[in-house]
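Scroll down for the structure; my scribbles are underneath it.
Nothing in this text is a laboratory measurement; each read-out follows from the coordinates by a stated rule. All of these numbers come straight from a predicted model, not from anything done at the bench. Neighbour counts run over all protein chains shown; Cβ positions are idealised from the backbone, glycine included.
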Amino acid sequence: MKTVIMCAALSAALFFSVSAFAAENTDKVKQVLGLEECIRIALKAAPELGEAQADIENTASRLEEAKSYRYPQIEVVSLFGPAPSAKREDLVKTDKTFQFSQLTWFSSADATIIQPLYTFGKISENMKAATHGIEVERSRKEQRANEVALKVKEYYFGLMLARELKEVVLEVQESLAKARSKAQKMLDQGSNGVDESDLFKLDAFSGEVAKYLAEAKKGETLALSALKTRLNLPISAQLEISSERLEMDDAATPGYDVYLDKARASRPEFKQIAEGLKARSALVEAAEANYYPDIFLGGLLSWAYAENRDRIHNPYINDSFKHLNGGAALGVRWKLDFGITGAKVSGERAQYNRLLSTKAFADANIPLQVKKYYLDQKEAESSVTASKFAYSNAKKWAVTALANFDFGVGPAKEIFEALQAYARMRASYFQSIYNYKIAGANLEYAIGEQPLASLK
């Protein structure tokens, strides 16, 4: 028996040790994620989507509340307390005095039931408003999901850009190191093609390149940290992206009209406004329904019992402490006020008109937004072609300058100018691709593209 207990204790200790070790080393496991996986994880972890879902559930509860007004409402009031005793012969007495010694106890229960029959739209219009309100909240959640996906794309492409720029700086740094090594060798050999000032120039430019390298590394670290934060990962987590190079897409860019049609069909804001107008219109109708009465079927059951009191069976006399009666009737309940209902109707109409203004703003500005991002993408596309041509020629210039310097027929200054031009145009090339990617991401957001649809 002791052996079994010791084995169980050892197993438990081993289990907890392994669990603790796994928990401590979770951050050390490297995750390699593509853009689609990053977006998927971000959508699951985004707190704003949890808030949006809570808003949907809150609006759904209003719909259930509105529906519940169609059903009977029952109210029960029960009492328990002292009551004076009474006999039948006391009915004709006019000088009976009150005495505490004659008190008894009574209990009672009154139940009323009201079944609405017709409310002139108070219930149905509120149900309609809540139904459209749910669609508004769902569209708002979709909009927030698009915003999350857009941020992930910005961080993801930003990380790729930072790494490409770092590679450019490292390439220039390597070329400078080779040039300096060659210059030092030529100087040691007493060559006339180089002097000590060339070394100083190369070292000065190398220092400037080192500064750019530090900035590039900082940008890479910051972009990676931002991506981890958006994915709800700890900063210490080992994360790597699967995309290695920042490259142009093969697909051709459609025309502006194609994007505009997609925006009108898919943009969540358009659906929000359309459903919101329907909800506000229903709320106006519900507020106006308060001008009219409610028709209902009502029922009452009243019971009371007290000892030392005789029951009086007389339709003209109702004993509050000892009775049993009930009944049902068709009723009308009409609440009249002086300006309160009118003010509520005016308020709902003002909200409706406000949403009409929002619709006019969206109709004018969303197409403008689509146009801007479309032009940004076309500009970036042209810039990619131009900068690629420029850095290709700058590369040839740098290779020629380095070769001439090696042969002792070219000055060191030519190397600086060529490498600067190459680094600048190469960086501009990757910046243009990044701008193209970001413009495409913004364009997908502007037309209401589903977060993962464009990646399939």
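Brief remarks follow.
- DSSP-defined antiparallel bridges as percent of all bridges, the chain, nearest 5: 90 percent
- Test item: Cα-centred dipole of the stretch 67-118, Lys/Arg +1 and Asp/Glu -1 on Cβ, debye: 160 debye
- For P(r) over Cα pairs in 10 Å bins from 0, in percent, calculated from these coordinates, the label among [x] 4, 20, 29, 25, 15, 6, 1, 0; [y] 4, 12, 14, 13, 12, 11, 10, 8, 6, 4, 3, 2, 1, 0, 0; [z] 4, 19, 25, 24, 18, 8, 2, 0: [y]
- Dipole magnitude (debye, nearest 20) for the chain, charges at Cβ of Lys, Arg, Asp, Glu: 600 debye
- Entries in LYS182/LYS395; LYS218/LYS378; LYS228/LYS372; LYS218/LYS396; LYS44/LYS141; LYS151/LYS278 that, when Cα-Cα distance is taken, lie over 23 Å: LYS218/LYS378; LYS228/LYS372; LYS218/LYS396; LYS151/LYS278
- Listed residue pairs exceeding 27 Å between alpha carbons, taken from LYS166/LYS413; LYS178/LYS437; LYS67/LYS271; LYS30/LYS166; LYS67/LYS344: LYS178/LYS437
- Cβ-based exposure ranking for MET248, MET127, in which fewest neighbours within 10 Å come first: MET248, MET127
- Which of ILE134, HIS313, ILE433, positive extreme of dipole for the chain (C-beta unit charges): HIS313
- Helical segments meeting 24 Å axial Cα length and Kyte-Doolittle 1.0 threshold in the chain (DSSP H): 2-24
- Net charge of neighbours whose Cβ lies under 14 Å from the Cβ of ALA83, counting Lys and Arg as +1 and Asp and Glu as -1: 0
- For LYS96 and VAL332, the FRET efficiency from 1/(1 + (r/R0)^6), where r spans their Cβ atoms and R0 equals 25 Å, is about 0.05.
- Taking every DSSP helix (H) stretch of at least 4 residues in the chain, weighting each as -39,500 (n - 2.57) and dividing the sum by the residue count yields a mean residue ellipticity at 222 nm of -23500 deg cm²/dmol.
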